[in-house]
Each structure stands twice: as structure tokens, then as C-alpha cells.
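Taking it in order: structure first as C-alpha cells, then the write-up.
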Protein chains: 2
Amino acid sequence: MTPTITAFESSPDRGQGLARDMRVRWALEEVGQPYDVRLVSFEAMKAAPHMALHPFGQIPTYEEGDLVLFESGAIILHIAERRPGLLPDEPKARSRAITWLFAALNTVEPPIVDRSMATLFDREKSWYAERLPMLDHQVRTRLDQLSARLGDADWLDGGFSAGDLMMVTVLRRLGSSGILDEYPALSAYIARGEARPAYQRAFADQRAVFAAASSRG
Amino acid sequence: MTPTITAFESSPDRGQGLARDMRVRWALEEVGQPYDVRLVSFEAMKAAPHMALHPFGQIPTYEEGDLVLFESGAIILHIAERRPGLLPDEPKARSRAITWLFAALNTVEPPIVDRSMATLFDREKSWYAERLPMLDHQVRTRLDQLSARLGDADWLDGGFSAGDLMMVTVLRRLGSSGILDEYPALSAYIARGEARPAYQRAFADQRAVFAAASSRG
């Protein structure tokens, strides 16, 4: 059964692949699972039909027959458990890969989102100039620790896993900040992720949505 | 093999059970898995031996033979997959319960932590009075949506699951804010979690650590 995911009809990132459907597209491409996409507007996202699928009114959702999931982490884990390619078979290595999936979402992403929200919405606030260095510091603390753990390895724990997929998409959200320039090992890690054929296909597909929306004006 | 978790030697919450070891203790109690606890000081948490277990220098960690995990979500999922009591057997219900585990950590907890960090560290800042209502609003948005989805059910999706366990511990972090008083259905939901015998045992055990530290002066 072909699953259907939801994505922004008009992504605020203008096709840079930073919205959370990109993670799910990439995971589906890694395991070779075809999928359909239903685009939702910002208004539709907060209306009853979508809220019935996603109680917090966000994208992506994942529908497979009568199963409805939300939360990119849960969707990726669901995909990874059903087809080979995103989790090791060995039970301990599998639990460690899942640990990185949670670490990307819960320890690395929150300070990155906090910083990104501040740069989007707080620029005119009286406190912006004082707060930004604090937010940068919180991001750098996590990147220092992550870079130390990665060392000169290609991936966080053995072969490429769902944990790396999530971490790469989380780190990409720092793109325009310039902070990643200070972390050559993490920049190379992101580039390894972006070079994967599955990533390339997913990126092209989400970008095509932006291009189509732009051509409609 | 008896697993060992780590917890704060001196918890900043003074025994209220808000530190993240509480979630793991509760999960272990729900499945009837005995465990050992190793207490770590704030200094030890950032030193090399602990950082080898937890790259971000936090608690809890989970050691079981040569397996080392971190991130409370990953640890609870690992426990829930190995013993009955925290996830339904039916595959779709199981994926939905895991969705709530991620939703608690990724959608509900971040605004709660942001608010709590501001009340702890930004009280003296010039922007505190202006930012607090914004932070409160972000918390209330999530609580409105969560309360709407819960409705008059006992748990988020059928029977009690790892998703409820995580959600209850996340909501408890709002304890002293007074915001939960506006949400009687969520308050009753938290109370149902706290009434579970496994919760009670876990709470007593973490509280004993605080009492012992206090008596040492």
C-alpha cells in the first residue's frame, strides 16, 4: 500500500529542503518505498480535517491505509522498522542508531530551532542583540560535543542510519547562520548525507513543489 | 543482566521527580525490570568518563553489559521493546504509541523547557517581562491542542503506553507555573499517571536520593 505524506503547499524555506517533510521523503527514498504527497496550505493545516490527522496542526503526517502517524521521528522509525536500509540488524547497534535519532531531535535540534525562531521573529525586539550571542553559544555547545563524538568517522555509529539522516537534516537548518563554517568535520558530515542518491531524489522532489508554486505566481 | 542508569547526585528539583532519570525509573518499574543507579555530580557529568557514555554530558544514561544508551526517549523505547507493559502488541497501535513518545519530547516539551529556562535564568534580564507572556502563549497553544485531542479519554490512544508515560513527565515540568490549573482534563491525566504503582515506586526511589543528599548536608 502506497503511503501518503503531507507537505507545505508553499514552503517558507523556498525549496531549500528545510521543512520536516524532507526527512520523511529522504527516509522513504533510502528504503525504496514509493509514496504520494498531499500539499496543505497554512490555513488548511490548522483546520479540522488536518487537525484530525495531526493534533498539533503541523506537517508531515503519514497515512498508510487506516494508520495515521505524525512527528517526523516516529514516521522515520516506522519506515525504518519495516524496510531494510535505515537501521542495523544487530540489536545493540539498532538501539544505538535509535539513540542518535532521539539525540538529533531532542538535544541538537531545540537550540537550533530557538536560534532560528529568534532570527525570524525577534529581530526588531529590544533584546535581540543581547540574546543572539546566548543562543549562538547554546548551539555551539552542542556542535562542539557532536563534533568531538563524530571525530573523523563518516557516520555517528558505524554505517549510515536513521540517526544520521535525522542529524544531517537538523544540522542543515543552521545553513544561513554561518556557524557551520566553524565546524569542518560537521560540514563534511552534512555533505556526505547530501551526496547520497536518496537525498538527491528527495531534495529534487520537494524543490519541484516550490518551483511549481512559484510558476503559478 | 541488571541495567545501570545514571541520575543527578544532587537534583536541582529537590526531589520533585522532574529530572529525566524519573522517566526511565518509571518505565523500568512498569515492566518490572530491576536496575542499579549510579549518581553523578554536575562536575563528573562534564568529565571524560561520563562524556564517553553521554556525548552531551547529561543524565540519564543506560548501561546493560557493553550496550550504552543515552536520551530518555531512546532508553524508554529500548525498555518498552524488550518487556511487555509499555507498548501495545498490535503493530498500528504500537506505531501510534511511539508517535506520542516523540510528540511529548519534540512538540510539547520544547516550549515547556523554554519557559522553565527563562524563569530560572532570565528573571533579571530587561526582556523578561515582555518575553514571558510569549513563552506562556506557546505553552498554552500546545496544551490547548493536547487537551482537545485527549478529550475525555483516560490515555492518549487506548491503554496506557510509553507515550503517556513520557507525556505525563513532560507536563509535570509545568508544576509550579500555575498554567496546568487552566487545564482540568490534563491535570486529571497527570494525576492518573502519578497514581500508578510503578510511578509511586519510581518517585519514592528518586526522592530517597534527595533525602540522603540533604541529610549529608
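Brief remarks follow.
- Compared with the rule-of-thumb size 2.2 N^0.38 Å for a compact globular protein, the stretch A:86-174 has a Cα radius of gyration ratio of 1.27.
- Virtual spin-label span in nm between A:Ala48 and A:Ala188, 7 Å along Cα→Cβ: 5.6 nm
- The antiparallel fraction among DSSP beta bridges confined to chain B stands at about 55%.
- Taking every alpha-carbon pair within the stretch B:11-110, the share separated by more than 17 Å comes to 57 percent.
- Comparing mean-square fluctuations of A:Ala162, A:Ala104, A:Ala48 from a GNM of chain A with C-alpha springs under 10 Å, the top value falls on A:Ala48.
- Distance between the 7 Å Cα→Cβ label points at A:Gln200 and B:Thr2: 5.4 nm.
- Membrane-span-like helices in chain B, defined here as complete DSSP H runs extending at least 20 Å along the helix axis by their C-alpha atoms with mean Kyte-Doolittle hydropathy no lower than -0.5, are B:197-215; this is a sequence and geometry rule, not a statement about a membrane.
- Fewest-first sequence of B:Ser11, B:Ser187 by Cβ atoms within 10 Å of each Cβ: B:Ser187, B:Ser11
- Charge dipole (debye, nearest 20) of chain A; +1 at Cβ of Lys and Arg, -1 at Cβ of Asp and Glu: 180 debye
- Environment charge of B:Trp127, counting only residues whose C-beta is closer than 10 Å and scoring Lys/Arg +1, Asp/Glu -1: 0
- Between B:Asp136 and A:Thr119, the distance separating the two model label sites (each 7 Å from Cα on the Cα→Cβ line) works out to 3.1 nm.
- Every Cα-Cα pair in the protein assembly as shown was counted, and those over 40 Å apart are 13% of them.
- Of A:Lys92/B:Lys46; A:Lys92/B:Lys92; A:Lys46/A:Lys92; A:Lys46/B:Lys46, those spanning more than 32 Å from alpha-carbon to alpha-carbon: A:Lys46/A:Lys92; A:Lys46/B:Lys46
- Whichever lysines have a C-alpha closer than 20 Å to that of A:Lys125, once near sequence neighbours (fewer than 8 apart) are set aside: B:Lys125
- Exposure proxy ranking for A:Tyr35, A:Tyr189, based on other Cβ atoms within 10 angstrom of each Cβ and starting from the fewest, stands as A:Tyr35, A:Tyr189.
- For chain B, built as a Gaussian network whose Cα springs stay under 10 Å, the top-fluctuating residue of B:Ala52, B:Ala93, B:Ala44: B:Ala52
- Axis-nearest residue of A (beta carbon) for the A-onto-B rotation, whole Å: A:Trp127, 2
- Max-minus-min Cα coordinates of the stretch A:66-217 on each principal axis give 52, 46, 30 Å, with the largest extent listed first.
- Going by neighbour counts of Cβ atoms within 10 Å, the residues B:Asp152, A:Asp114, B:Asp136, A:Asp181 line up, fewest first, as B:Asp152, A:Asp181, B:Asp136, A:Asp114.
Every number here is computed from the coordinates shown, using simple stated rules; none is lab data. For clarity, every value in this text was computed on a predicted model and none was experimentally measured. With ideal geometry, Cβ positions are generated from the backbone for all residues, glycine too; neighbour counts draw on all protein chains shown.
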